[in-house]
Amino acid sequence: MSVLKVSGFEIHKAYLSTEAQNDLLNDLRDVVRIAPFTAPVTPGGKPMSVKMTAAGPYGWVTDHEGYRYSPTHPLGSPWPEMPQSVLDIWRDVTSLAQTPECCLINYYGEGARMGLHRDKDEASFEWPVVSVSLGDDGLFRMGGRARGDATQSIWLNSGDVVVMGGAARLAYHGVDRIRFGSSSLLAKGGRINLTMRVVSI
């Protein structure tokens with residue numbers, strides 16, 4: 001494992017072993033059985049190319065009412081508990097006693113992407129956001145606090161973890177594309193990205 005620092009983004013390359021990735025994936029399958037992936041749309045009605053679900057007290061949702069955190073899945077049930085494997089990653093890379101309240105789970109299929117955005121729906125920005133990559137490689141783009149700032153890109157591989165805190169907490173970032181089929185972790189291909197956030201404090 002190595003740690004890269006790019007404009008405040010702390011990138012832990014090869015953080016998870018193959019065994020740990022498979023164990024985490026099994027935990028996520030338990031989450032998805034309770035809270036199935038949904039196909040989100042923006043407040044303007046535009047379908048997003050990723051599919052989403054979540055674990056923890058809150059999930060992040062988007063629909064015609066706007067972007068927000070919700071204590072319930074779009075189908076109405078509470079979100080499942082956050083797996084201990086997810087909490088262990090958070091504690092190890094942040095060394096914080098405070099635990100995340102949302103683990104957003106995005107699935108990127110072939111052709112999916114995530115435009116440049118900032119995570120800014122939380123009550124406070126003092127806590128980092130922790131991102132975990134599983135499956136196919138994703139081209140991660142990192143910018144600054146203004147949308148027009150210069151950007152840098154790096155390929156994130158399965159098992160990589162990114163900590164976005166400090167100067168990177170409100171920086172623009174996104175996933176321009178994935179290399180579909182570049183990993184054998186997911187039987188049908190694709191990329192899963194977890195982002196852990198402190199929501200209400």
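The values are calculated or read from the model by the stated rules, or taken from the named source; none is laboratory data. None of the values given here were measured: they were computed from a predicted structure. Positions of Cβ are backbone-derived with ideal geometry, glycine not excepted, and every protein chain shown enters the neighbour counts.
Can you report the number of residues in segment 84-103 which are closer than 17 Å to V162 by Cβ, surrounded by fewer than 16 Cβ atoms within 10 Å (Cβ to Cβ) and not small (G, A, S)?
4
Working only within segment 50-71, note down all residues that are loosely packed, with under 15 Cβ neighbours inside 10 Å and out of contact with any Phe, Trp or Tyr (no Cβ under 7 Å at 6 or more places or on another chain).
In the first step, residues of segment 50-71 are kept if they are loosely packed, with under 15 Cβ neighbours inside 10 Å; the result is 64-68, 71.
Once the filter is applied, which keeps residues that are loosely packed, with under 15 Cβ neighbours inside 10 Å and out of contact with any Phe, Trp or Tyr (no Cβ under 7 Å at 6 or more places or on another chain), segment 50-71 yields H64, E65, G66, Y67, R68.
Out of all the residues in segment 164-182, is one or more among the acidic types (D, E), surrounded by fewer than 17 Cβ atoms within 10 Å (Cβ to Cβ) and either touching a Lys or Arg at 6+ places or on another chain (Cβ under 6 Å) or modelled with pLDDT under 95 (or both)? Write out each step before concluding.
Taking segment 164-182 first, the residues among the acidic types (D, E) are 176.
Filter again for surrounded by fewer than 17 Cβ atoms within 10 Å (Cβ to Cβ), leaving 176.
Pick out the ones that are also either touching a Lys or Arg at 6+ places or on another chain (Cβ under 6 Å) or modelled with pLDDT under 95 (or both) and you get 176.
Yes, because at least one residue in segment 164-182 is among the acidic types (D, E), surrounded by fewer than 17 Cβ atoms within 10 Å (Cβ to Cβ) and either touching a Lys or Arg at 6+ places or on another chain (Cβ under 6 Å) or modelled with pLDDT under 95 (or both).
Residue-wise test of (1) out of contact with any Phe, Trp or Tyr (no Cβ under 8 Å at 6 or more places or on another chain); (2) among the small types (G, A, S); (3) in contact (Cβ under 8 Å) with a residue 60 or more places away in the chain; (4) within 23 Å of T62 (Cβ to Cβ).
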residue	(1), (2), (3), (4)
H117	no, no, no, yes
A123	yes, yes, yes, yes
W127	yes, no, yes, yes
G144	no, yes, yes, no
D149	no, no, no, no
V161	no, no, yes, no
A167	yes, yes, yes, no
L170	no, no, no, yes
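Counting only residues that are out of contact with any strand residue (DSSP E or B) (no Cβ under 7 Å at 6 or more places or on another chain), under 15 Å from G166 (Cα atoms) and not acidic (D, E), how many does segment 111-139 have?
Of the residues in segment 111-139, 5 are out of contact with any strand residue (DSSP E or B) (no Cβ under 7 Å at 6 or more places or on another chain), under 15 Å from G166 (Cα atoms) and not acidic (D, E).
Would you mind finding the one in G8, G76, G45, G66 that is small (G, A, S), over 24 Å from E122 (Cβ atoms) and over 16 Å from the mean Cα position of the chain (by Cα)?
G45
Please list, ordered by residue number, the strands (runs of 3 or more DSSP E) wholly in segment 132-195 having 1 or more residues that are of a type in the set (D, E) and under 12 Å from the mean Cα position of the chain (by Cα).
Result: empty, no element qualifies.
Looking at (1) among the acidic types (D, E); (2) closer than 16 Å to E110 by Cα; (3) free of Cβ contacts under 8 Å to residues at least 24 places away in the same chain, which one does D137 not meet, given that it meets all the others?
It fails just one condition, (3).
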